[in-house]
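The values are calculated or read from the model by the stated rules, or taken from the named source; none is laboratory data. Everything quoted here is computed from the prediction, not taken from an experiment. As a convention, Cβ positions derive from the backbone with ideal geometry for all residues, glycine included, and neighbour counts pool all protein chains shown.
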Amino acid sequence: MVTTPSVDPQKLQAVRKRYAEEAKKRQRPEGSAQFLQLSQAHEERLRSLSDDPWADHKSLNAKPSIIRENAVYKAFVLGAGFGGLLFSIRLIESGVATANDIRLVDAAGGFGGTWYWNRYPGLHCDLESYMYLPLLEETGYIPKHKYSAGSEIRQHAERIASKWNLTDKALFRTTVKTVSWDDDTELWTVNFVEGRGPSAAPIEHQIRAQYVYLAAGVLTRPQVPRIPGLHTFSGEIFHTARWNYDITGGSQEDQTLSKLRDKRVAVVGTAATAIGVIPVVGKYAKELYVIQRTPAYVKPRNQQVTNKETFHIDVAYKKGWQFERQCNWNSFLTNSAEPGQKNLVGDGWTDMPGYSAMMGSPSHGVVDPSPENLERRTTAFHALDLPHMEAVRARVEQAVKDPETAEKLKPWYPSWCKRPTFSDTYLELFNEPHVHLVDTDGKGPSRITERSIVVSEKEYEVDVIIFSTGFQVARVGSPASRTNTTVTGRKGQSLDEKWAKVGAATLHGYLTNGFPNLFFSGTSQGTITGNNIMMLNFIANHITYMISSGEKRVGKGKRAIVEVTREAEEAHSAQVAKRAPYFSSVAGCTPGYFNGYGDGVDVTDPEEKGKRERGVVWSEGTISFLKLIGDWKKEGSLKGLKILPAR
Ligand code: FAD
Ligand code: NDP
C-alpha cells in the first residue's frame, strides 16, 4: 500500500471534488480527434506549417548518395534522434556492426530528432542535463548549464554521431514508407523516399537489411486544435515545433525576437513548451495574450552554470556516475528511495512522491483490483500528492500580484496527470501590464476570425498566433502507427493488424512474434521514466544484447534470425496486464496526451479492455524493470527467444 502522510480528510475530499469537476469540464466526446495533425491538413497553408524550416537543401543535395540501391545492410534505423543514435552506437561497440554496415534515415534534415525539430526560444532540457545528455562519460563533454539549451542538446547529437563515424551514414529529409519481411531471403526490404527540397525531385530508394530498429519517438507530429475559423485568420500563424524566426526575428542562437516589438501576439497552450516560450515572447511582444485552457503546474527551475572545476568531484566522480545518478533520481521518482538515501540531484522531480502513480513503484506492482481497494489506493496517492500540489498553488499566489489572475493560474489536478514544468520567470510575467492571461475555463477559444481570437464572445485582436498545442500521440496503436509506416512481417502479416487483433504483444516491450529481427522503442509493455534518455539507452543496450547473443549462438559467418516466441510474448503481456490496475488513479485525470485526451476511458467491452490492459507500462518502475531484464539475462538461456541461422 502507498504510505500516506496525514492530511486533513475534509480538505482532501474537497480538493478531490474540485479535481473531478475541473477534469469533467475539459472532457470532450471527440477525444484526441479535437486536434488536426498539421501534416494532414487539407489546407495548404496549414499543411505547410509542418514543413521543415531548418533543412539546408543546397548542401544536402550536393552530398554524394550514401545509399547503395538494393544493397544488404546489417542494420537499418528509422529515426536519427537519440534513440536511433544510441542503438547504432551500441551495435558498433558490441562488434555486431561497423558504422559502414548501418544506415539511419530521418524525415528531419539532421541529427537530434526532437532537438532538431524543436528550436523555439526558451527551449531547455527539463531535467538535469548531466543525467539527460547521453554518453557524457564517453565523449568527455561537460554541459554548460544544469539545464542545457536546445541548441546545445542538438549539437551533442551531432557530436556523438561524429565520434562513432555515423555522420555520413544517415540519410535526411527521408520518409520511410514500407518495411516488409521477405520470407524467401529472410531479410527486411525497406522503401523510403528522399525529399530534396522545393527545387529538386524526390528520390525513391530500396534497400534490404538484416535488422531493423524503429526509433520513431513519440512527440514528432505537431497538431493544432480544430478551432472554427482558423483558416480565415489573415495574420501570421505557426506551431512551436517549427518556430518561425522570420516572423519573430532572432534565431535559436540569438533569441532577440525584435520583430515582435510592434506585434500583438497570442500563444495558445500553457503546457511544457509554452512555459519555455512565453517568457521570451513576453519580453519582446507589444501585447501578449496567453490563451489558457488548463494551467500547467510550474515549479522552480534554479538554473545554474556548471562549475567545470568541481564537475569531476561533485558529479562525474567515478566511472559509471551517470547511470548511478539516473537510478538514484529514478528511485525518488518512483517513491522507493531507501530511508536516508542521499538525493544526488535534489531537483523538483524528486520532491513529488505522488508522481509515482504514473511512473510505477516497485513495492506494489500487482494490486488487488477490487473497486474498494483501487479507491483506497487512489485516496492514498492523493494524500501523498496534496502537500506538493498545495505548495505549487501557494507559489502562484506568491509570484502573481493580482489575486484574480493568480487564482486562474492555479492547477487543479494531481501531479501525475501532466509532466511537471519548471520556470523562474513564467508566473512573474503575468505581473507585466502588456501580458494578459486569457483563461478559457477549460474550453479553449470558441473561434478565430480574420483578425482575432475569440474567447467567450470577447474578441482579442492579434497579429500573430503561436500554437503551442502539442503533438499527435498514438496511445494504443502498434509501433508502426507512430511512424506512419506500413510494417509487414512473416506471411505478409501487418503489425497494425496484429495490434488491432490482440493488443500489444511483445517481449519486454521491444520485439514481437512474426516480425523477426525487428525491434522498436517505446514504453508500452516496457518501462517509463521521466528521463527518456535513460530509457532509450537501456532499450539500445537490451536489444543489442539480444542481437549479439543471437549472433554468438548461430556462430560466425551465419546470419542470425532472432524472434520472440508467441508463448513468451503472451507470458510477458499477461504479466503487464496483471499489473495494469496499479494505474487506476490515472483514469480520473484531466484530459491530456497522457490519457489520450480521454480516448477509450469509457471502454467497457471486456475484450477491448483486456487489450488496453496489455498495453500499459511495467507498473513497478524502471529499477524493477531493469532487475527483471537483469534476471532474464542472468538465467542465460535467452528464454523466450527463438534463434536460428538464416536458411
Ligand atoms: P525523436 O527524438 O522524436 O526522434 C525520432 C525521429 O524519427 C524524428 O526525428 C522523426 O522525424 C523520425 N521519424 C518518425 N517517423 C519517421 C518515418 N516514417 N520516416 C523517417 N523518419 C521518421 N525528454 C526528456 O527526458 N527530457 C527533456 O527535457 C525533454 N524535452 C523535450 C522537449 C520537447 C520540445 C519535446 C517535444 C520532447 C522532449 N522530451 C524530453 C522527449 C524527447 O522526445 C526524448 O527525450 C528523446 O529526445 C526522444 O528521442 P527519440 O530518438 O526516441 O525520438
Ligand atoms: P502538450 O500536449 O503537453 O500541451 C498542449 C497544450 O495546448 C496544453 O496546454 C493544452 O491544454 C493546450 N491546448 C490544446 N488544445 C487547446 C485549445 N483548444 N485551446 C487552448 N489550449 C489548448 O504539448 P507540449 O508541446 O507543451 O509538451 C509535450 C511534451 O513534450 C511534454 O509533456 C514533455 O514531455 C515534452 N516537452 C519538454 C520540454 C522541456 O522543457 N524540456 C518542453 C516542451 C515539451 P489542455 O491541458 O487543456 O489540453
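Some observations on this one:
- Looking only at the range 399-442, residues that are among the hydrophobic types (A, V, I, L, M, F, W, C) and in a strand (DSSP E or B) come to 4 in all.
- Scan of the range 351-364 for residues that are buried (at least 19 other Cβ atoms within 10 Å of the Cβ), out of contact with any His (no Cβ under 6 Å at 6 or more places or on another chain) and either basic (Lys, Arg) or in a loop (DSSP other than H, G, I, E, B) (or both), ordered by number: GLY360, SER361
- Any hit, the range 509-530, residues being among the hydrophobic types (A, V, I, L, M, F, W, C), part of a loop (DSSP other than H, G, I, E, B) and closer than 15 Å to ALA215 by Cα: yes
- Top-ranked residue in the range 488-504 [being away from ligand 1 (no atom under 16 Å from the Cβ), of a type in the set (A, V, I, L, M, F, W, C) and assigned to a helix (DSSP H, G or I); ranked as surrounded by the fewest Cβ atoms within 10 Å (Cβ to Cβ)]: ALA500
- For the range 213-259, a residue qualifies if it is under 21 Å from THR175 (Cβ atoms) and of a type in the set (D, E, K, R), and the qualifying residues are ARG221, ARG242.
- Those residues of the range 27-52 which are touching a strand residue (DSSP E or B) at 6+ places or on another chain (Cβ under 9 Å) and among the aliphatic types (A, V, I, L, M), in sequence order: LEU36, LEU38, ALA41, LEU46, LEU49
- Residue list for the range 596-618, restricted to those being of a type in the set (Lys, Arg) and within 22 Å of ARG26 (Cβ to Cβ): ARG612
- Residue that is nearest to the chain's Cα centre (by Cα) [pool: residues in the range 141-162 that are in contact (Cβ under 8 Å) with a residue 60 or more places away in the chain and part of a helix (DSSP H, G or I)]: GLY150
- Count of residues meeting criterion [within 22 Å of ASP439 (Cβ to Cβ), hydroxyl-bearing (Ser, Thr, Tyr) and without any contact (Cβ under 8 Å) to a residue 24 or more places away in the chain] in the range 1-60: 0
- Some residue of the range 374-394 being buried (at least 20 other Cβ atoms within 10 Å of the Cβ) and within 16 Å of ligand 1 (Cβ to nearest atom): no
- Residue in the range 335-350 that is in contact (Cβ under 8 Å) with a residue 60 or more places away in the chain, within 16 Å of ligand 1 (Cβ to nearest atom), crowded, with 18+ Cβ neighbours inside 10 Å and not in a loop (DSSP other than H, G, I, E, B) present: no
- In the set (1) within 16 Å of ligand 2 (Cβ to nearest atom); (2) in contact with a Pro (Cβ under 6 Å, 6 or more places away or on another chain), the condition left unmet by SER452 is number (2).
- Among residues that are more than 25 Å from LYS611 (Cβ to Cβ) and charged (D, E, K, R), ARG475 is not included.
- The range 176-195, residues that are aliphatic (A, V, I, L, M) and either at pLDDT below 95 or away from ligand 1 (no atom under 12 Å from the Cβ) (or both): LEU187
- Beta carbons closer than 7 Å, at least 6 apart along the sequence or on distinct chains, pair a first residue in the range 572-585 that is within 12 Å of THR506 (Cβ to Cβ) with a second that is outside any helix (DSSP H, G or I) and not β-branched (Val, Ile, Thr) for HIS572/LEU507; HIS572/HIS508; HIS572/GLN525; SER573/ALA504; SER573/ALA505; SER573/GLN525; VAL576/GLN525; VAL576/TRP618.
- Restricting the range 163-195 to residues that are over 25 Å from the mean Cα position of the chain (by Cα) and of a type in the set (Ser, Thr, Tyr), the residue that is surrounded by the fewest Cβ atoms within 10 Å (Cβ to Cβ): THR185
- Looking only at the range 287-322, residues that are within 16 Å of ligand 1 (Cβ to nearest atom) and either free of Cβ contacts under 8 Å to residues at least 40 places away in the same chain or among the charged types (D, E, K, R) (or both) come to 2 in all.
- Subset of the range 395-415 (residues that are crowded, with 21+ Cβ neighbours inside 10 Å and aromatic (Phe, Trp, Tyr)): TYR413
- Scanning the range 531-565 for residues that are in a strand (DSSP E or B), out of contact with any Pro (no Cβ under 7 Å at 6 or more places or on another chain) and surrounded by fewer than 23 Cβ atoms within 10 Å (Cβ to Cβ) yields a total of 0.
- Residue within the range 100-108 that is loosely packed, with under 15 Cβ neighbours inside 10 Å and touching a residue at least 12 places away in the same chain (Cβ under 8 Å) present: yes
- Filtered residues of the range 459-487 (kept if within 16 Å of ligand 1 (Cβ to nearest atom), surrounded by 22 or more Cβ atoms within 10 Å (Cβ to Cβ) and either assigned to a strand (DSSP E or B) or at pLDDT 95 or above (or both)): ILE466, PHE467, SER468, THR469, GLY470, VAL487
- Selection within the range 127-162 - surrounded by 20 or more Cβ atoms within 10 Å (Cβ to Cβ) and either touching a Pro at 6+ places or on another chain (Cβ under 6 Å) or on the phi > 0 side of the Ramachandran plot (or both): SER129, LEU133, LEU135
- Count - residues of the range 611-644 that are more than 17 Å from MET359 (Cα to Cα) and either surrounded by 15 or more Cβ atoms within 10 Å (Cβ to Cβ) or without any contact (Cβ under 8 Å) to a residue 40 or more places away in the chain (or both): 16
- None of PRO228, PRO202, PRO198 is within 15 Å of ligand 1 (Cβ to nearest atom), surrounded by fewer than 24 Cβ atoms within 10 Å (Cβ to Cβ) and over 22 Å from the mean Cα position of the chain (by Cα) except PRO202.
- Residue count, the range 424-441 (criterion: surrounded by fewer than 19 Cβ atoms within 10 Å (Cβ to Cβ) and either within 30 Å of GLU608 (Cα to Cα) or of a type in the set (Ser, Thr, Tyr) (or both)): 2
- Residue identified as in contact (Cβ under 8 Å) with a residue 60 or more places away in the chain and in contact with a His (Cβ under 9 Å, 6 or more places away or on another chain) among SER415, SER446: SER415
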